[in-house]
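Shown next, in structure tokens, is the structure this report addresses.
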Amino acid sequence: MKRKPVKEIFLIRSVACLAIVLLHSIEASLKFYSPQGGLENNTKVWYETFALILKFGTPVFVLISIFLLAYSYPKKTPSGFMKKRIKFILIPYLVMAVFYALLDAYIQHLTVTLFLKQLFMNIFLGGYHGYFILIIFQFYLLYMLFQKYAHRFKAWYVIIICFIINFIYLGIFNFTKPIDIPHAEYIWTRFSWVPFLGWLFYFSIAYYFGIHYEAFKKFLLKYNKYVIAFAILSCALVVFLYQSNLLIVHSSKRIDMLLFSTAMFLLLYYVGAKLKSIPSFFSIISQYSFGIYLLHLFYIALINKFIEHLPFLGLSMYICILLIGSTILSMISTHLLNMVPLGHYVVGKIGIKDKDKIKLQKAV
């Protein structure tokens, strides 16, 4: 029997999506915005720190994906499981890989050979922001395998072991310099993001959250003060390590992000659980989140071309224009593409609606 949608996920997905668009808007603004006299270094550092905090978005998307798998298919994935995801997730990923490779070729005046190289990197090596989908497909395969053997092990043992593996893996790339091998710089700064080992902890906790959904929800409602404290302290840790130059990696693939991203998922789930219904704004963003995720960087680049030389824009206004403009244009494009034949193969299908405003079940 098909299980009903988890209303909290509409909130979490939309916030994670907007966090990703906002951080890319901040990064683009810091790169292209040129006020008279330049930005004060202290101002730039705080904007960079805020952008770093927003990087919880990608790990939260991983948590959402595995949580929903475990919640929807706790015993066995249905027939046609992979086929459906190849059609509506992997094919759009491949289409966008071509699109962004063509865009790079146009902007940088690349030769055909360099275009093909960029296309290869986009598809197989996480060469554009769609790399997240490569991670998810690894976890689809791992999930089907894990289901068969998970009952043999205690949940805490699995979670702790996965955390240690994940911590060590990220620690290698966070604290060591590239070794003397071909393409080492790219492996350290980009390709290291793709293998599932860099996300294994998220997989383990999301799996058990989804399998034990009712117990998970009761736990959050009962220990809400600890959930809030966990989010605040883990965020403070990220800020401290970054601003003290102890960990200068500006990425969601930091060891401290393992705690902070998990804390944000828990906090957002708790907030969603306390709401009687999810506000329509968040439900709509959730519906269009996949299209926004795929298209927003294109629209950020496009909008930037029109506003980068406007003298009257402050930095905050510049960021807001990129955020709002790229989100709305991505949603419009996704909607229009879903109205034409085969359009959903470009940006994926529009998500389900929270039309019933699923009510919060009373905690026992």
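Below is a table of values for the structure above.
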| quantity | calculated |
| --- | --- |
| Test: residue in the stretch 219-231 that is among the polar types (S, T, N, Q) and within 21 Å of the chain's Cα centre (by Cα) | no |
| Qualifying residue in the stretch 124-141 (condition: surrounded by 15 or more Cβ atoms within 10 Å (Cβ to Cβ), in a helix (DSSP H, G or I) and free of Cβ contacts under 8 Å to residues at least 24 places away in the same chain) | no |
| Counted residues, the stretch 113-136 - those being of a type in the set (Phe, Trp, Tyr) and within 14 Å of residue 99 (Cβ to Cβ) | 2 |
| Test: residue in the stretch 160-177 that is in a helix (DSSP H, G or I), free of Cβ contacts under 8 Å to residues at least 60 places away in the same chain and under 28 Å from residue 80 (Cβ atoms) | no |
| Verdict on residue 105 being assigned to a helix (DSSP H, G or I), over 20 Å from the mean Cα position of the chain (by Cα) and surrounded by 20 or more Cβ atoms within 10 Å (Cβ to Cβ) | no |
| Enumeration of residues in the stretch 160-208 that are small (Gly, Ala, Ser) and surrounded by 14 or more Cβ atoms within 10 Å (Cβ to Cβ) | 192, 198, 204, 206 |
| Cross-chain or 6+ apart pairs with Cβ under 6 Å, the stretch 278-290 first and under 12 Å from residue 352 (Cβ atoms), then of a type in the set (S, T, N, Q) and at pLDDT 95 or above | 286/14; 288/334 |
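The values are calculated or read from the model by the stated rules, or taken from the named source; none is laboratory data. Keep in mind the model is a prediction, meaning the values are calculated, not measured. Note that each Cβ is placed from the backbone with ideal geometry, even for glycine, and that neighbours are counted across all protein chains shown.
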